[in-house]
Amino acid sequence: MDQSEQSTSPSRRQFLQTGALAAASSFFIVPRHVLGKGFIAPSDKLNIAGVGIAGKGFSDTNNSFNNGANNIVSLCDVDWGREQVQAQFKKHEKATRYKDFRQMLEKEAKNIDAVTVSTADHTHAVVAMAAMQLGKHVYVQKPLTHNIYEARMLTEAARKYKVVTQMGNQGASNPQQEQMVAWFDKGLLGKVHTVHLWTNRPVWPQGIPVPPPAGEVPADLDWDTWLGPAQKVGYTPAYHPFKWRGWWNFGAGALGDIGCHIMDVPFRVLRLGYPTEVEASIGSVFLKDWTPEYIPEGCPPSSHVELKFPATAKNKQDVRMTWSDGGIRPFRPEWLPEGEPMPENGENGMLMIGDKGLLVCGLYGNDPRLYTKSGQKYVGDPKPESVTKLPENGHQILWTEACKAGFNSKEHKALHSSFDFAGPLTESVLMGNLAIRSYTLRTPRANSRSFDYPGRKRLMWDGVNMKVTNFDDANQFVKREYREGWKLV
């Protein structure tokens, strides 16, 4: 598709409808507006700026560009030495170039309609907030923010500034999620009481000692801007460009990386709200006999978290949700027949257990399967083969089309991960990290080399007020202290 063509995706429900038509008649005619053939007037294109344009940002920027359906007018990345950054500069040669997003927004605001934010977790909030305050629509990679407080602030800001938002958990726009919602709404699962989530992450070094600074900062890297609001530390390739995920100063560990993808399914299907309880345990690393490493600055090599969600109008049953990472997964459930595989061979997945049935799926909500209490696989409507899959860039396309339609438009309301949904989802994901970090808190015992660990308990959570009510020391992890010169207002 060349730059004179527009690729516009309908809503996920429309995909289901067209898919159902296809299954019924063996063929269907795709409307002209879906194919997007024809000239696009310049006024119909969105002017987009990308902040963080390598790694995941490479696809976020280009998927929003959509083969010329929109304009990329400005590109910002702290590290111009990366191959993907140079490739972006070459592809969008007319776009202005910056290392500091603050300078970009100050100088280019009048030329920008929307901003994609694909930086490290710790700068999501400050970039997105600055853009929204200028009235710019934003697409922000998952997890929406680094901590719970930031997620709440962005959710409220999106409404205040009346901008169209989307979090980059692309599985949210997977039409197969609507299939699972439909199965639940038909009562096929009954009352859901247990959900298991798991991942093989981390796939980067984690649970290791804090790396020393490497010394000289690469010439093409603006290290101070990369640090943003985080505590100032020396540059090391052990942090940038990818391994930052394993350090609390910058990342949110395996939960931040995959939690917003996997928890998305039960959160959506069951219409969950804030959890009321959370408890965690973590794996230990032994580099010396009998002495576990104590590395509170880093995410653990593995973790196990349990959250409790109260009953909802749709699911009149409290839900216990477990999360496991580091390659630890739940055992095969009783109602999964022999010969039927666990999702993704056990590497990533979800099990949702009700009093009538079992629902399983993989990452992004892929390959959903439902089994009855008797162990029979459900094959009724909507059938998997009737669901038309979204194109790879569909999640970003739906956002750009909603931006064009405007705040509170039907296109905006049809988005599947606007901040009204993504904010509370992210808060629930990050509750797991709050419990993990609370688990590592320790106090020395008098006249002893041993320690007490007062945070190794079930934490009671007041979601509305963002507060742990039975262990105040855990509340330090609800938000962070920003480095001097940085703020979120």
Is there any pair with a first residue in the stretch 389-409 that is surrounded by fewer than 17 Cβ atoms within 10 Å (Cβ to Cβ) and a second that is of a type in the set (Gly, Ala, Ser) and not in a helix (DSSP H, G or I) whose Cβ atoms are under 7 Å apart and which are 6 or more apart or on different chains, and what are they? 391/9
So which residues in the stretch 115-136 are open to solvent by less than 10 Å² (accessible area, probe 1.4 Å) and in contact with a Lys or Arg (Cβ under 6 Å, 6 or more places away or on another chain), if there are any at all? 115
Please go through the stretch 301-330 and pick out each residue that is surrounded by 18 or more Cβ atoms within 10 Å (Cβ to Cβ) and among the hydrophobic types (A, V, I, L, M, F, W, C). 305, 307, 309, 319, 321, 323
Going by the conditions given, is residue 338 surrounded by 15 or more Cβ atoms within 10 Å (Cβ to Cβ), among the acidic types (Asp, Glu) and without any contact (Cβ under 8 Å) to a residue 40 or more places away in the chain? no
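Just need a number here: residues in the stretch 347-361 that are open to solvent by 10 Å² or more (accessible area, probe 1.4 Å) and not acidic (Asp, Glu).
Qualifying residue count, the stretch 347-361: 2.
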Within the stretch 261-278, which residues are surrounded by fewer than 22 Cβ atoms within 10 Å (Cβ to Cβ) and among the acidic types (Asp, Glu)? 277
In the list 64, 43, which residue meets the criterion of being at pLDDT below 95, outside any loop (DSSP other than H, G, I, E, B) and under 20 Å from residue 135 (Cβ atoms)? 43
Residues of the stretch 454-489 being assigned to a loop (DSSP other than H, G, I, E, B), in contact with a strand residue (DSSP E or B) (Cβ under 8 Å, 6 or more places away or on another chain) and closer than 24 Å to residue 254 by Cβ, in sequence order, are 456, 457, 458, 471, 478
Need the failing condition index for residue 333 against (1) open to solvent by less than 70 Å² (accessible area, probe 1.4 Å); (2) assigned to a helix (DSSP H, G or I), just the number. (2)
Cβ-Cβ below 8 Å, separation at least six or inter-chain, first residue in the stretch 97-120 and modelled with pLDDT of 95 or more and part of a helix (DSSP H, G or I), second hydrophobic (A, V, I, L, M, F, W, C) and open to solvent by 20 Å² or more (accessible area, probe 1.4 Å): which pairs? 101/130; 102/130; 105/130; 105/134; 108/73; 109/134; 111/73
So residue 473, is it under 19 Å from the mean Cα position of the chain (by Cα) and open to solvent by 70 Å² or more (accessible area, probe 1.4 Å): no
Residue, farthest from residue 366 (Cα to Cα), within the stretch 159-183, restricted to residues that are open to solvent by 10 Å² or more (accessible area, probe 1.4 Å) and assigned to a helix (DSSP H, G or I): 160
Sole exception among (1) in contact with a Gly (Cβ under 8 Å, 6 or more places away or on another chain); (2) open to solvent by less than 30 Å² (accessible area, probe 1.4 Å); (3) in a loop (DSSP other than H, G, I, E, B) for residue 218, by number: (2)
Do you know which of the residues in the stretch 95-114 that are among the charged types (D, E, K, R) and under 24 Å from residue 68 (Cβ atoms) is most open to solvent (accessible area, probe 1.4 Å)? 110
In the stretch 39-62, what residues are touching an Asp or Glu at 6+ places or on another chain (Cβ under 7 Å) and open to solvent by 20 Å² or more (accessible area, probe 1.4 Å)? 47
Pair list, Cβ under 6 Å, 6 or more apart: the stretch 205-222 residue closer than 21 Å to residue 246 by Cβ, other residue open to solvent by 60 Å² or more (accessible area, probe 1.4 Å) and part of a loop (DSSP other than H, G, I, E, B): 210/297
Residues in the stretch 67-88 that are open to solvent by less than 20 Å² (accessible area, probe 1.4 Å), in a helix (DSSP H, G or I) and out of contact with any strand residue (DSSP E or B) (no Cβ under 6 Å at 6 or more places or on another chain): how many? 2
What are the residue pairs meeting all of these: first residue in the stretch 78-93, first residue among the acidic types (Asp, Glu), second residue assigned to a helix (DSSP H, G or I), Cβ atoms under 8 Å, and 6 or more apart or on different chains? 79/85; 79/226
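The values are calculated or read from the model by the stated rules, or taken from the named source; none is laboratory data. Note that the structure is a prediction, hence the values are computed from the model and not measured. When we count neighbours, we look across all protein chains shown, and the Cβ atoms used for this are built from the backbone with ideal geometry, even at glycine. To get the accessible areas, we keep the full protein, side chains included, count just its heavy atoms, and leave off ligands, DNA and RNA. Shrake-Rupley method; radii C 1.70, N 1.55, O 1.52, S 1.80 Å.
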